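Remarks on the structure that follows.
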Amino acid sequence: MFNKTQNTGGKYKLWCFAFLGALALFCLYGLCSADTIVLKGGQTLTGDILTEKETVIYMDVGVDVLAIPKEQVLEYEYTDQLSISAADANDAQETKQAREDTSQLYRTADLEKTTIEKCVAAVSEAVVKVSTPAGMGSGFFFNEEGYLITNYHVIERETKIEVTVFEKATNGFEKKKFKKVKIEAINPFVDLAILKVEDLGETKVKYAYLGDIESIKVGEGVFAIGNPLGLERTVTNGVISTINRAFEGLIYIQTNADINPGNSGGPLFNLAGEVIGVTNMGYIFFGGLGFAIPIDYVKHFIENRDAFAYDKDNPNTGFRYIQPDKRRNKAAPKFLR
């Protein structure tokens, strides 16, 4: 009996040493590899930063997952990375989420689907009003440098263009109008135009991420933001009716979200807040028949914008027909003889 008890005690001591050794290694690893968040109040949190949202950082501290508002963060540091100040939080979020290609003007990102309400709050500032002496339409910024997409027919034969940006303020939205707008490229065939606001000054514009045509499915929820009939920042929602409706040799996304005059050039979003199309036509007297240019056309246009570069001295730039050679044989064709 004595021997049995003694052996049990030896095994117990062995397990204790093993446990303490593992705990020490775990603590050492945790101290060396843990992410760190320093709050403005002076407190320091260590753990694993799971993800960053626009206004919140989520950290796993072992016993719980904390949601830490960025407004309370002084700085935070990833393992083996430089610390990031709270002032640079939005830039850090973009770097973490966006698959940015420096050779392209537009941005893409891996965004999770959510509610229309949350999406609208996140992307509405990227949508603008585009005005000319002949009328008005919509558009959206696709990068932070002031580049935006609209329909060609919104600015067709016009060079005096005004862009109105809607910035969130304490009470609603504040309008900012910009009159120095350059036409970068036009493609009348697919009804697209690239504009650039050149007088932004200190204004930092919000921009929308472009989605992926391969991920679009019939029946999924979508919403449009635009200025139909001059009613600014109007949101309409619906579903995708079909992704390949053919008109005059081009393919369009069909949706039952209402699209009216003034929506032209505005974005059609999925429920992740990604642009999947550019609204360009709808049937005024038949609700539920709206159409948008698929995002793959938009990406192709932006990527090949040099081929459609606008020349102010040639308002028809974007398409040019070359006359064929004249018929050399002047004799009448055989079938006419």
Picked from segment 282-294 (must be among the hydrophobic types (A, V, I, L, M, F, W, C) and closer than 10 Å to residue 252 by Cα), the residue surrounded by the most Cβ atoms within 10 Å (Cβ to Cβ) is 292
Per the filter on segment 245-257, residues among the hydrophobic types (A, V, I, L, M, F, W, C) and either crowded, with 21+ Cβ neighbours inside 10 Å or not in a strand (DSSP E or B) (or both) are 253, 257
Filtering segment 169-218 for residues that are among the hydroxyl-bearing types (Ser, Thr, Tyr), farther than 13 Å from residue 128 by Cβ and part of a loop (DSSP other than H, G, I, E, B) leaves a count of 2
If you go through 236, 242, the only one that is among the β-branched types (Val, Ile, Thr), in the same structural domain as residue 175 (by TED's automatic domain parsing) and surrounded by fewer than 17 Cβ atoms within 10 Å (Cβ to Cβ) is 242
Of the residues in segment 212-233, those that are under 26 Å from residue 136 (Cβ atoms) and surrounded by 14 or more Cβ atoms within 10 Å (Cβ to Cβ) come to 222, 223, 224, 225, 226, 227, 228, 232, 233
Apart from one, (1) modelled with pLDDT of 80 or more; (2) closer than 30 Å to residue 179 by Cβ all hold for residue 109; the odd one out is (2)
When segment 292-321 is checked residue by residue, the ones that are at pLDDT 65 or above, of a type outside the set (Phe, Trp, Tyr) and in a loop (DSSP other than H, G, I, E, B) are 304, 312, 313
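The values are calculated or read from the model by the stated rules, or taken from the named source; none is laboratory data. The shown structure was predicted, so the numbers you read here are calculated from the model rather than taken from an experiment. Virtual Cβ from ideal backbone geometry, glycine too; neighbours counted across all protein chains shown.
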